[in-house]
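Every number in this text was worked out from the coordinates using simple rules, so none of it is lab data. These numbers come from a predicted model, not from an experiment. Cβ placement follows ideal geometry from the backbone for every residue including glycine, while neighbour counts extend to all protein chains displayed.
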Amino acid sequence: MASAEDQHIDLFDKLDFEAWNGPDWELFRHLHTHDVVVEMMGQRTEGLDAHVDMCQQIVKQNPDLKIDEHPIKIAQGEWTCVVARLSSGQRMVTVARWRDDAISEEYIFIGDSEMTA
């Protein structure tokens, strides 16, 4: 049986590679709590609908932006930290807190430079 940490990492892979890249907004909703709080690119959203709306706008404005890989994945207790390599050459770091196998709190940082590792 997988640990909670391993399960959260697997769910995070599903979130990025299936829900975001799809996009599959039903799966995206399923992997976040209804009261999720997100800080992303200098903006804060509260609640699932606000987060989904923001993400849908990002996808609409950048339809070719995909998450290519997660070269770094760390989990401890209810927290995960994932570094993603984006198709744009940027990197994204997401720190997420999990509750009942869904993200309840999320901090997303996007950098401008290509990763070398």
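Just a few scattered comments:
- What you get for the chain, charging only the Cβ of Lys and Arg (+1) and of Asp and Glu (-1), is a dipole of about 260 debye around the Cα centre.
- Estimated distance in nm for a label pair at Leu27 and Asp100, the labels positioned 7 Å out from Cα along Cα-to-Cβ: 2.2
- Fewest-first ordering of Cys55, Cys81 by other beta carbons within 10 Å of each residue's beta carbon gives Cys81, Cys55.
- In plain terms, the residue of Trp79, Trp98 with the fewest other Cβ atoms within 10 Å comes first and the most crowded comes last, giving Trp79, Trp98.
- Counting only DSSP beta bridges whose two residues both lie in the chain, roughly 85 percent are antiparallel.
- Modelled FRET efficiency - R0 30 Å, Gln90 with Asp6, Cβ distances, 0.05 increments: 0.65
- Sorted ascending by nearby beta carbons within 10 Å, beginning with the fewest, Met1, Met41, Met92, Met54 become Met1, Met41, Met54, Met92.
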